[in-house]
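Derivation of every value follows stated rules applied to the coordinates shown; laboratory data play no part. Because the structure is predicted, anything quoted here is derived from the model rather than measured. Ideal geometry is used to build each Cβ from the backbone, glycine not excepted, and the neighbour counts take in all protein chains shown.
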């Protein structure tokens with residue numbers, strides 16, 4: 001498909017947003033490798049982290065075909081201000097309750113976004129959305145299982161999960177920060193928009209939280225953490241990018 | 001009572017038999033036996049165990065431990081505690097008496113007759129062909 005300049009910019013920004021989210025949350029989750037609560041979960045969580053990074057790489061390749069640099073250069077050498085990830089993905093791993101709740105919020109948004117993208121006019125992305133459906137389905141099953149287990153296991157686990165939900169909701173809402181080019185993307189048939197996604201997301205997660213005896217804070221108190229989509233990030237992103245690119249910078253021209 | 005697991009330490013269990021019992025239970029979660037099915041219709045084959053607290057959790061953990069590098073259509077998990085097993089002390093009941101080898105499949109010789117039939121009816125012996133190819137390699 002031939003794009004005009006405005007359309008191309010909108011598509012690129014949209015792809016960066018999705019891939020940067022996946023790369024950064026994938027990298028964060030990989031920080032649990034070796035520290036998981038039991039060995040089976042350590043392996044499962046690490047594997048999910050790897051899946052996310054793989055998905056990001058695939059989207060960076062689509063960007064490369066649209067004229068951007070190659071995937072490694074995009075991932076490892078950009079300055080934080082050029083990243084389009086939301087703040088939710090940037091925060092340090094904290095304790096396992098936060099990491100699980102973050103994944104729960106993120107995975108559901110990702111699954112619903114990819115469901116919408118399966119019929120996108122951007123064919124490469126639509127293909128990819130179908131390809132990764134199974135992977136993401138497992139990621140969602142993994143977070144739902146833990147949320148339900150810990151939401152109801154005992155008083156301590158319930159309180160910690162509820163506190164994590166309370167502390168994470170504003171970050172999670174930041175996923176749905178609308179882009180200036182939302183109308184362009186909609187008229188091109190690429191994506192229906194973050195508002196649609198957010199309302200589907202709420203419809204999906206509310207019954208699951210309820211079955212885990214967890215509640216979202218009152219919506220009147222919500223203050224979505226916006227900025228990430230515009231390149232305004234938390235203090236945590238730049239050090240993460242620096243660490244992620246350490247090996248790459250040793251020899252940027254190396255063949256892997 | 002102290003444990004190497006900080007989550008158990010936080011419970012401040014009493015240093016008596018009751019505390020010990022709770023600690024033993026928590027330090028090692030119960031196990032689930034995992035059965036893997038390659039293709040729909042195949043037998044499920046036992047592949048190992050996972051630690052988990054519920055069957056649902058056993059499923060999500062077994063998925064990553066046992067299916068990442070092999071084709072899979074289905075997984076079963078069963079609580080190890082729900083498996084009924086023979087006692088190793090009774091293993092002698094599986095021994096067969098030497099004069100009863102006719103009960104074992106390996107005691108039947110029929111390939112000579114099968115080959116003869118194949119030869120008479122011009123049926124190609126694929127197994128034989130494969131063996132020859134293998135030897136040639």
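Odds and ends about this structure:
- Matching residues in the stretch A:142-184 - criterion: being within 12 Å of chain B (Cβ to nearest Cβ), free of Cβ contacts under 8 Å to residues at least 60 places away in the same chain and within 20 Å of the chain's Cα centre (by Cα): A:143, A:145, A:146
- Output for the stretch A:162-183, where each listed residue is part of a helix (DSSP H, G or I) and surrounded by fewer than 19 Cβ atoms within 10 Å (Cβ to Cβ): A:163, A:166, A:167, A:170, A:182, A:183
- In the stretch A:233-255, the qualifying residues are those that are touching a residue at least 12 places away in the same chain (Cβ under 8 Å) and not in a helix (DSSP H, G or I), and the one that is nearest to residue A:76 (Cα to Cα) is A:245.
- Residue in the stretch B:53-63 that is over 19 Å from residue A:47 (Cα atoms) and more than 11 Å from chain A (Cβ to nearest Cβ) present: no
- Test: residue A:40 is in contact with a strand residue (DSSP E or B) (Cβ under 7 Å, 6 or more places away or on another chain) and either within 14 Å of another protein chain (Cβ to nearest Cβ) or at positive phi (or both): yes
- Beta carbons closer than 8 Å, at least 6 apart along the sequence or on distinct chains, pair a first residue in the stretch B:79-90 that is at negative phi with a second that is in a loop (DSSP other than H, G, I, E, B) for B:79/B:30; B:80/B:30; B:81/B:30.
- Screening B:68, B:7, B:40 for residues that are more than 23 Å from residue A:95 (Cβ to Cβ), within 14 Å of chain A (Cβ to nearest Cβ), out of contact with any strand residue (DSSP E or B) (no Cβ under 6 Å at 6 or more places or on another chain) and surrounded by fewer than 16 Cβ atoms within 10 Å (Cβ to Cβ) leaves exactly one candidate, B:68.
- Test result for residue A:228, within 17 Å of residue A:18 (Cβ to Cβ) and exposed (fewer than 14 other Cβ atoms within 10 Å of the Cβ): no
- Of the candidates A:26, A:34, the single residue that is assigned to a loop (DSSP other than H, G, I, E, B), away from chain B (no Cβ under 14 Å) and under 30 Å from residue B:49 (Cβ atoms) is A:34.
- Qualifying residue in the stretch A:122-141 (condition: within 14 Å of chain B (Cβ to nearest Cβ) and buried (at least 21 other Cβ atoms within 10 Å of the Cβ)): yes
- Residues of the stretch A:205-232 that are part of a helix (DSSP H, G or I), in contact with a helix residue (DSSP H, G or I) (Cβ under 8 Å, 6 or more places away or on another chain) and within 27 Å of residue A:84 (Cβ to Cβ): A:205, A:228, A:229.
- Residue pairs meeting the criteria (Cβ under 6 Å; at least 6 apart or on separate chains; first free of Cβ contacts under 8 Å to residues at least 12 places away in the same chain, in the stretch B:41-57; second surrounded by 15 or more Cβ atoms within 10 Å (Cβ to Cβ) and in a helix (DSSP H, G or I)): B:56/A:145; B:57/A:145
- Among helices (runs of 4 or more DSSP H) entirely within the stretch A:48-133, having at least 2 residues that are under 30 Å from residue B:60 (Cα atoms) singles out A:87-90, A:96-117, A:123-131.
- The residues of the stretch B:10-37 that are in contact (Cβ under 8 Å) with a residue 24 or more places away in the chain and either within 10 Å of chain A (Cβ to nearest Cβ) or touching a strand residue (DSSP E or B) at 6+ places or on another chain (Cβ under 9 Å) (or both), listed by number, are B:29, B:30, B:31, B:32, B:33, B:34, B:35, B:36, B:37.
- Selection within the stretch A:93-116: residues that are more than 15 Å from the chain's Cα centre (by Cα) and touching a residue at least 24 places away in the same chain (Cβ under 8 Å). The member of this set that is surrounded by the fewest Cβ atoms within 10 Å (Cβ to Cβ) is A:95.
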